[in-house]
Every structure is written in C-alpha cells, then in structure tokens.
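Inspection log for the structure reproduced underneath, given as structure tokens.
The values are calculated or read from the model by the stated rules, or taken from the named source; none is laboratory data. Note that the coordinates shown come from a computational prediction; the quantities given were computed from them, not determined experimentally. Please note: Cβ atoms are built from the backbone with ideal geometry, for glycine as well, and neighbour counts cover all protein chains shown.
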Amino acid sequence: MNTSVSEKVCISLLRKGYTIRSLSKRCFDIIARKGTSILLIKMLEDADSISREYAEQMLRIGKYLSASPLIIAEKAGRKLDDFVVYTRFNIYTLNILTFRNCIDNKLPFIKRDRAGLKAELIGTKVRQLREREGLSLNSLARKVGVSPRMISKYEDGSSEITVCKALKMYDLLGHEVFSKIDIFHTSTHPEDVNSSFTKKYHDLGFEATETRKVPFSIIARKQDEIILTEIGDSPDPHAESLAKLIDADNLVIFRKKRPKHVPGLTKKEFLELEEAGELVRFIKEF
C-alpha cells in the first residue's frame, strides 16, 4: 500500500481519538483502539492479494479481542467504489474514503457480492416513510420500477434490492429505509488452532488458539482476562506494547532458562500449573 495512504488512515484514526500501533510484515498492519472499540487493519493496494491464512489469523485474533478486522485497499482487481463495502475471506473490505465515513459514523448501505451491487431495505421504514410522503403502493412501485406486489413484499420484511432500484428508493424516501452495514461487527470466525500449550490453557479454563504473523504465539481469554503468550527465548519487543494497548497481559514461555526481568515461565513450569488463578497472580504480581 502507498505510504501516503497508510499515513492518511493513521491520521484519520488519531483525529477520531484512536490510539494506534503500527506493525510491519504481520497479518495486520495497524491495531487501533478507542474505548472498547478495537480495529485490526490490513493495508493493501489490491485486496485480492491477501492470503486465506492472513485473513483467518485476523478473524481468529479479532474473536479473542472482540475486535473488528478490516481490509483497506485501493482496488480488488478493479478500483473499489466509494461508499461500497466488499468482503475478502469474510473480512469487510473498503477504500479509504468509505473507511473515513465509517469512523465518522456514516455507515454505508451498499455492498458488492458476486451478484453485483446490492442494498438491504428495512420493511417497516419503507412503509412508514411511504405513508409519510403520501405515496400509494402503486405510485411508489411505478417510480421505483417494480410491481406493487414487490413493494408490499419489501414492506413485509427485510429484502435485498439492486443498486439501481436502491438509488431510486433513496431519492424518494431517503437513507433511513436502508439497513446500514456495520463494518465494526464481524461474526464469522475460523476454528482455533491448538497445541500442547493451548491444551494447557483449556485445562485451566481459558479459550486459547495459536497465532502466526503477529508478535505473540498464543492468545488466551477467560472472561475479561486476556493473555498474549510468546513461546521462545527471544521475546518480541512489540508484544508488550500491544498488550498494554488492549489491556491484556503479556507472558513469555521460555524453552530454556527464563530471565528474571521478564514475566515468563519455562515450558515445564507452565505445563505444571494447576489453576488459572495461579497463572494470573504470577503475571499480575510480576
């Protein structure tokens, strides 16, 4: 991604009160936080270049941090349209203008899938605003270019509509009839990846999964307690700052002798833990 575009994204986030950390050669390039909102952002020139592995890592980490994975790109084969949301491997994908609107709380209502550009109508709003404007089913149908029966179907529930008809509906009834696309919510998560270390976390009552292409090896969570765990004898300097940003604890599991100045355990010490409280107390009291 062009450096100037990355800088624009960072500046936009800072102006909106987010605290940010930038990473390089990771599955996400920016982690940003404002209050309880956490964003994991991958910056790409072409969204089609993201690998499934990177996307699954972002989704998996997002699950544990209650964070929103996002891809900001200039194109996905072709130039991304303004005010339109795309997806790549179940991650919302958008250009910088659309992203800026979203953090300004101006959420888009048009999405592109394999069938083309679409929007979703809120049936109750269609009926309410049609009646407020004094439009009959027949007159609204004629102006939109559909049958009165289709307008009635729209009003009976949530329905997708092509962008051409959506724009006509927008001109007649405004934006309130459309369901906004909340890019800050993602519900699809890949399965966790497990090892002897994650199994131990599970035995202690945590949810846990292995991670790659980030400054930590495992992310574990039990209620509000989040632990970013590194495995190895050379701790990543980015891990501690990331942990502070998201109010998580940082733990290093050393394969050899552990140093005194780092909150860490040897592999043997970690696998011999019997209670979650024992681990949490060790980290908090370090």
Exercise for the section: Considering every residue within the stretch 42-51, establish whether at least one is part of a loop (DSSP other than H, G, I, E, B), surrounded by fewer than 22 Cβ atoms within 10 Å (Cβ to Cβ), touching a helix residue (DSSP H, G or I) at 6+ places or on another chain (Cβ under 7 Å) and without any contact (Cβ under 8 Å) to a residue 40 or more places away in the chain. Expected result: no
Problem - Which listed residue, of ILE161, ILE103, is within 34 Å of the chain's Cα centre (by Cα) and either modelled with pLDDT of 95 or more or on the phi > 0 side of the Ramachandran plot (or both) - result: ILE103
Exercise for the section: Could you tell me whether any residue of the stretch 213-228 is surrounded by fewer than 13 Cβ atoms within 10 Å (Cβ to Cβ) and in a loop (DSSP other than H, G, I, E, B)? Expected result: yes
Practice task
State the number of residues belonging to the stretch 238-273 that are without any contact (Cβ under 8 Å) to a residue 12 or more places away in the chain and loosely packed, with under 12 Cβ neighbours inside 10 Å.
Solution key: 6
Practice task
Tell me which residues, restricted to the stretch 168-205, are among the hydrophobic types (A, V, I, L, M, F, W, C), touching a strand residue (DSSP E or B) at 6+ places or on another chain (Cβ under 9 Å) and over 17 Å from THR87 (Cα atoms).
Solution key: MET169, VAL177, PHE178, VAL193, PHE197, LEU204
Handout entry: Hey, ILE161 out of contact with any Pro (no Cβ under 6 Å at 6 or more places or on another chain), crowded, with 20+ Cβ neighbours inside 10 Å, assigned to a loop (DSSP other than H, G, I, E, B) and not acidic (Asp, Glu) or not
Key = no
